[in-house]
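Below: the structure, in structure tokens.
The values are calculated or read from the model by the stated rules, or taken from the named source; none is laboratory data. These numbers come from a predicted model, not from an experiment. Here Cβ is always computed from backbone atoms with ideal geometry, including for glycine, and neighbour counts include all displayed protein chains.
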Amino acid sequence: MKSAVKFILTRGAVLYLALFGASLLIVDYKVIRERVIIRTLNHNMPGGFTHLIRLGEREPNTAADKEMFEQYERYYEKVVQFLPQLADAHGFLGISYYYLGKEKKAIASLEKAAVLNPYFFWFPYNLGVIYYKKGDHEKAVKYFEMARKKNPEMAMLIITKSIEYQRALTGVVNLGEIILPRLKAGYSECHRLLILSYLALKDYGKAIALANEAVSIGLNSQEMFYYYAGVASYHLEDYQKSIYFLQQAIEIDPDYAEAYYFLSLNLKAAGKDEMAAQVLAKAVTLQQQGHEKKPKEEEAYLRAI
């Protein structure tokens with residue numbers, strides 16, 4: 001009996017020691033893996049994130065630094081390798097791929113990011129920009145509509161809580177003063193590009209509805225949205241409404257050459273030829289003075305924030 005008990009105790013002790021040793025190996029493996037991840041990420045850390053954060057500021061050659069985007073590519077590829085569920089890293093990687101000319105990879109990464117975090121504004125917005133620049137207005141509409149419906153407060157919360165955003169924004173002071181204006185500008189751009197996509201698809205009713213929405217919620221560049229509503233109304237041959245919208249645009253920006261041009265078209269359609277000629281002359285003069293806004297309609301940038 002004693003020998004049996006001794007055998008059981010000895011066997012139990014050996015089993016306990018074996019399990020304890022195995023647990024140490026597991027803990028050691030986790031610690032080693034974490035150290036490897038940290039060492040690898042630190043080794044691939046870009047020289048800075050300013051270039052990425054400042055995308056979309058419309059400064060010359062803002063997105064032309066290939067070397068920086070290659071650094072971002074290497075870094076974020078490592079991040080998603082070790083942390084595949086990190087949506088922000090997939091989003092940053094998608095932006096990096098795009099500016100390195102790897103469009104298919106960019107779309108795949110941004111789509112992955114949008115699936116991992118379906119509440120964030122910038123992922124569908126950037127997908128919309130890619131398709132807009134490709135001339136695929138139907139897909140652009142799909143993603144811009146998704147982005148438009150995202151809660152801006154949620155976007156703000158995600159940015160302030162995100163590990164990768166915090167790393168990218170290290171050293172930035174007055175963070176709230178930067179994020180909020182950039183978000184508002186992003187929603188304004190989203191409406192602008194969505195309206196232009198609807199105009200390209202000749203869905204003038206939706207273009208007018210979105211322009212009115214942009215005005216009502218106080219987005220940036222109110223005169224631009226009045227102008228787009230005027231253009232859409234003109235194409236629907238609702239000349240009275242078009243004239244109203246265009247006059248609103250001109251009241252905000254008296255040098256809006258395109259608004260004067262479409263106003264002249266409305267006046268001509270209404271049989272007011274002499275007044276139409278005078279307004280057209282004003283549009284031409286403004287255009288010659290460099291007040292034409294048309295080239296800016298082609299501007300569309302992927303943005304990180």
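Just checking, does region 117-129 include any residue being surrounded by fewer than 15 Cβ atoms within 10 Å (Cβ to Cβ) and not small (Gly, Ala, Ser)?
yes
So which of LEU199, LEU157, LEU194, LEU183 ends up being in a helix (DSSP H, G or I), free of Cβ contacts under 8 Å to residues at least 24 places away in the same chain, within 22 Å of LEU127 (Cβ to Cβ) and of a type outside the set (S, T, N, Q)?
Unique residue meeting the criteria: LEU157.
For ALA114, which of the numbered conditions (1) in contact with a Pro (Cβ under 9 Å, 6 or more places away or on another chain); (2) among the hydrophobic types (A, V, I, L, M, F, W, C); (3) within 17 Å of LEU196 (Cβ to Cβ) fails to hold?
(3)
Report, by residue number, each residue of region 219-247 that is farther than 12 Å from ASN266 by Cβ and not charged (D, E, K, R).
Within region 219-247, LEU219, ASN220, SER221, GLN222, MET224, PHE225, TYR226, TYR227, TYR228, ALA229, ALA232 meet the criteria.
Check off (1) at pLDDT 95 or above; (2) of a type in the set (Phe, Trp, Tyr); (3) under 28 Å from the mean Cα position of the chain (by Cα) for TYR244 and give me the number that stays unchecked.
TYR244 satisfies all of (1) at pLDDT 95 or above; (2) of a type in the set (Phe, Trp, Tyr); (3) under 28 Å from the mean Cα position of the chain (by Cα) except (3).
Of the conditions (1) at pLDDT 95 or above; (2) surrounded by 15 or more Cβ atoms within 10 Å (Cβ to Cβ); (3) closer than 27 Å to ILE107 by Cβ, ALA155 fails just one. Which one is it?
(1)
Scan region 90-116 for residues that are at pLDDT 95 or above and not in a helix (DSSP H, G or I) and jot them down.
LYS102
For every residue, the table says whether it meets (1) under 19 Å from GLY205 (Cα atoms); (2) of a type in the set (Val, Ile, Thr); (3) touching a residue at least 24 places away in the same chain (Cβ under 8 Å).
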{"residue": "SER242", "(1), (2), (3)": "yes, no, yes"}
{"residue": "LEU246", "(1), (2), (3)": "yes, no, no"}
{"residue": "ASP253", "(1), (2), (3)": "no, no, yes"}
{"residue": "SER264", "(1), (2), (3)": "no, no, no"}
{"residue": "LEU267", "(1), (2), (3)": "no, no, yes"}
{"residue": "GLU274", "(1), (2), (3)": "no, no, no"}
{"residue": "ALA277", "(1), (2), (3)": "no, no, no"}
{"residue": "GLN287", "(1), (2), (3)": "no, no, yes"}
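Consider region 290-305. How many of its residues are in contact with a helix residue (DSSP H, G or I) (Cβ under 8 Å, 6 or more places away or on another chain) and in a loop (DSSP other than H, G, I, E, B)?
Total satisfying the criteria: 9.
From (1) in contact (Cβ under 8 Å) with a residue 40 or more places away in the chain; (2) in a loop (DSSP other than H, G, I, E, B); (3) basic (Lys, Arg), pick out the condition that doesn't hold for ARG167.
It is condition (2) that ARG167 fails.
Going residue by residue through region 136-150, is there one that turns out to be in a helix (DSSP H, G or I), in contact (Cβ under 8 Å) with a residue 60 or more places away in the chain, of a type in the set (Ser, Thr, Tyr) and buried (at least 21 other Cβ atoms within 10 Å of the Cβ)?
Within region 136-150, none of the residues are in a helix (DSSP H, G or I), in contact (Cβ under 8 Å) with a residue 60 or more places away in the chain, of a type in the set (Ser, Thr, Tyr) and buried (at least 21 other Cβ atoms within 10 Å of the Cβ).
Select from region 237-281 the residues that are among the basic types (Lys, Arg) and in contact with a helix residue (DSSP H, G or I) (Cβ under 7 Å, 6 or more places away or on another chain) and list them in ascending order.
LYS241, LYS268, listed by residue number.
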